[in-house]
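The values are calculated or read from the model by the stated rules, or taken from the named source; none is laboratory data. Small disclaimer: the values here were computed from a predicted structure and weren't measured. Counting neighbours? That spans all protein chains shown, and the Cβs are built from the backbone with ideal geometry, glycine included. Quick note on the areas: whole protein, heavy atoms, side chains included, nothing else; ligands and nucleic acids left out. Shrake-Rupley method; radii C 1.70, N 1.55, O 1.52, S 1.80 Å.
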Amino acid sequence: MKKVYLFRGGNVLKSFDTDTVFDVNAIVSHVLFTVLFDEVRYVHTVAELQSVERAAKGKADIVLGHVQVLGLPEHRALMETAFVYGVKYQFVLTTGGPVLTNMGVEDISSLTAGLWFLHCKGAPQSQHSDPCPHTALRRALTTLHIYTFLQLMEAPLVSEASVEPSEVNMVHSHLQVPLLFLFSQPHTVALDRVTAQTLAWRLRGQVGLVLIHRESPDVKIPLEYNAAYRLPGEGSEVKYLILNNLEEVIDLFRDESTPEEEEDDDNWATLDVLDDEVAESVYRDRGQSLDMDAVTELTADTFHSAVAESDYTVVLFYVKWDAVSMAFMQSYIEVSESLEDADVSDVELAVLDCGEWTDVCSAQKISSFPTVRLYCPQEPSQPYQGMLGTESLNRFIMLSRLVSPVLLSSPDEVTSFLEGDLYQRHAAVAPVTVLGLFSSTADAGLSVFKEAAKALRGETMVGLFADRQAEIWAVEYSVTLPAILVSRGPTCQTEAHSLNLSMPDQLVTHIRSALLDTFPELTVENLPLYLELKKKLLLLFVGDEESGRKGNKRVLEDMRSLLNTGLPNPYLPCWIHLGRTPAGKAVLEAYLGFLPLLPALVVSQLATGGEVFHYPTGRPLMVQPILQWLQRVEDGEEPPAGRAGNRWHTDSRAGDRYAGTDWQRQGVSGVIVDEKWMPSMPFYDFLSVMDQEVPGYASQRSAKTKTSRIERAEGEKEKSSGGGERQARAGAHNPQGSPTTKPPQTPHHSEL
């Protein structure tokens with residue numbers, strides 16, 4: 001049996017059988033269960049639970065969780081909650097047995113997961129043998145539901161108000177929980193409080209209860225009504241009613257529970273996903289089934305025969321729990337359907353689940369997901385390294401079907417390859433082609449070029465002309481052989497580069513660099529390639545207005561002419577068409593804090609500090625004014641435009657009115673800084689939640705102590721008021737505590 005090992009420092013903390021860590025939920029839950037081993041108590045009998053309750057009375061509340069099997073999503077949700085709230089509550093875990101019967105579960109076999117909050121902190125220690133009162137979570141065991149439940153447990157059992165119900169604002173409304181209002185008379189207030197508390201205990205965790213005092217002049221409720229309720233949701237109205245007994249109230253919210261749960265799921269749908277946009281996309285499409293009939297699902301028994309039988313077999317290696325894999329799966333299926341529509345019969349698209357067939361993926365050295373490879377019989381597999389999209393993958397497949405390099409035997413074939421019929425036939429998938437020129441087939445560097453051409457298969461179309469007549473092109477383009485010609489079509493000038501042949505991988509890098517345009521249109525797909533050059537971007541933004549097309553063409557021509565007029569080497573002139581690349585609009589607004597008139601020219605120094613400069617609106621976009629402006633930027637005479645720290649700079653003096661270095665003295669910083677990637681919702685910021693409970697608790701600065709939550713509480717009680725850090729740990733959440741209380745010096749969960 002294969003093992004998975006969890007290390008702390010250089011020591012093995014625990015080992016797991018591979019079949020127990022079968023997906024991401026199992027991995028996270030088992031790791032946290034190991035890390036929290038001394039803090040999350042495991043009980044199997046009622047006596048063990050009662051022992052924990054007796055120790056907790058007067059000190060801490062207990063969160064009891066039940067899961068049938070370790071490693072499931074419910075187990076992960078419980079362990080994540082214990083990791084965050086372990087300093088505040090004593091967490092207890094059980095996997096079934098008599099403990100569930102003790103908690104009032106009638107059919108144990110039907111309960112796959114459950115959670116109970118045991119109110120032990122307020123229970124008197126004198127009642128040593130009585131169990132702590134408990135409240136059950138009546139919803140699915142997810143991180144979001146547990147968080148909401150714990151917030152409700154911290155809320156007051158009964159709140160009192162002297163205003164209209166519509167003006168009551170409580171935490172229950174923010175947690176999407178209904179509010180029940182009972183109306184009290186001055187002469188029955190004591191009895192009304194008892195009734196409210198009795199009812200609140202029965203509805204705790206489901207409904208928030210508010211006692212409204214009628215004697216207030218602000219309360220103008222008709223006397224015939226004795227209760228009201230308001231369902232969660234923005235704009236929800238208060239509904240008034242007459243109730244004769246407590247059971248009518250219980251029945252009311254029991255009847256509301258089914259539609260309410262559906263509505264609640266809709267309200268929280270945008271929150272039940274972490275801050276991963278890919279995961280969110282997969283989550284929202286979870287109800288849509290994929291048409292897997294369009295691809296072949298491989299197994300360990302069929303993999304080798306499948307890749308041997310087809311001329312070209314494209315295999316997607318994926319795992320079901322990976323959001324990126326499942327998001328890309330739809331694009332992969334669309335490529336398969338498009339190839340079928342185009343009558344491409346020599347390519348087979350297949351998928352292999354590495355969660356099921358780990359031996360195959362291990363043998364193929366698959367180390368990340370998703371991974372796409374192209375297999376041809378008797379040849380090494382070809383990895384796909386492009387974007388995970390339909391168009392990019394389709395282009396890779398179509399180019400991979402071509403021989404690389406294409407052997408050319410005459411000058412006419414060379415002309416056809418560069419700009420004629422052969423080029424036009426494949427221009428849709430290979431708008432840029434590369435031609436290798438050698439003086440003869442005996443050239444020593446020919447084998448290196450062929451190896452490089454094979455490595456570039458799927459990226460571009462590569463041709464080879466090895467003949468004495470290659471000297472004709474060498475003379476025409478003023479290069480020495482061997483050389484390459486890069487053609488971008490008949491309307492663009494062919495570029496020539498001499499080759500210094502050494503190793504195939506070095507030649508591949510050289511050719512890829514030559515494929516880059518000197519004045520590129522930036523897109524989402526090619527942007528990473530140009531950022532790798534580490535140059536300052538001289539970036540022109542143009543629009544797609546009908547009336548602006550001629551103007552755009554003129555401006556682009558002027559920008560391209562900069563290449564021949566002494567543009568400093570650190571700059572890469574480029575442009576973004578906001579019609580074809582809508583993301584460019586967000587980029588421009590992020591640079592400047594507003595959307596200027598188009599066309600707009602900026603300098604983005606992302607590789608050298610992040611400063612952004614904006615070419616003044618109104619100045620002509622012509623070669624000489626642009627060069628003069630760039631020189632001012634280099635000399636430090638131009639103020640950066642954009643942001644001041646994390647906020648947009650809106651000083652009215654920005655622009656040409658800055659003289660010399662006055663803008664530096666004013667503290668203006670047009671710098672693109674790395675922003676914090678915060679969780680999408682506050683309650684997903686677990687470290688912040690931990691620090692709110694005990695300041696400094698999540699700092700993780702020193703080694704963990706092996707003491708349980710109850711043991712720490714008992715030790716704190718024995719300490720005097722000046723007892724130092726452990727007293728601070730127990731009382732830091734109390735707003736009445738001393739302002740000089742020190743943060744804990746033994747932070748929780750330091751292993752992670």
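Structure note, pairs Lys2/Lys365; Lys365/Lys454; Lys88/Lys320; Lys14/Lys57; Lys536/Lys585: Cα-Cα distances above 25 angstrom occur for Lys88/Lys320; Lys14/Lys57. Calculated translational diffusion coefficient of the range 307-419 (25 °C, 0.890 mPa s; Stokes-Einstein with Kirkwood radius over alpha-carbon pairs) equals 159 µm²/s.
Val555 exposes around 10 Å² of accessible area when a 1.4 Å probe is run over every protein chain in place. A Förster radius of 51 Å combined with the Cβ-Cβ distance from Asn526 to Glu247 puts the calculated FRET efficiency at roughly 0.15. Looking at the range 308-412, the trypsin sites (Lys or Arg not before Pro) that sit in a DSSP loop and have at most 11 other Cβ atoms within 10 Å of their own Cβ are Lys365. Under Stokes-Einstein, with the Kirkwood radius over Cα pairs as Rh, the value for the range 140-256 at 25 °C and 0.890 mPa s is 168 µm²/s. Loop-resident trypsin sites (Lys or Arg not before Pro) (DSSP state other than H, G, I, E or B) in the range 1-39 with no more than 13 further Cβ atoms inside 10 Å of their Cβ: Lys2.
Taking all protein chains as shown and a probe of 1.4 angstrom, Thr518 keeps an accessible surface of around 70 Å². Counting only protein heavy atoms and a 1.4 Å probe, the range 367-430 has 52 square angstrom of accessible area per residue.
Legend: calculated FRET efficiency, Phe7 to Val69, from the Cβ-Cβ distance at R0 = 22 Å, rounded to 0.05, equals 0.30. Measuring nothing but protein heavy atoms, the accessible surface of the range 424-583 at 1.4 Å probe radius is 53 percent carbon and sulfur.
Listed peptides 140-148, 79-87, 614-622 appear in the order 79-87, 140-148, 614-622 once ranked by packing, highest mean of other Cβ atoms within 10 Å at the front. A straight chain from Asp346 to Glu224 at 0.36 nm per residue would run longer than the Cα-Cα distance by 35.9 nm. Counting only protein heavy atoms, what percent of the accessible surface of the range 283-345 is carbon or sulfur at a 1.4 Å probe? Summing carbon and sulfur atoms, their accessible area is 42 percent of the total for the range 283-345. Expressed as a whole percentage, what fraction of the accessible surface of the range 119-184 belongs to carbon and sulfur atoms when a 1.4 Å probe is rolled over the protein heavy atoms? Carbon plus sulfur share of accessible area: 50 percent.
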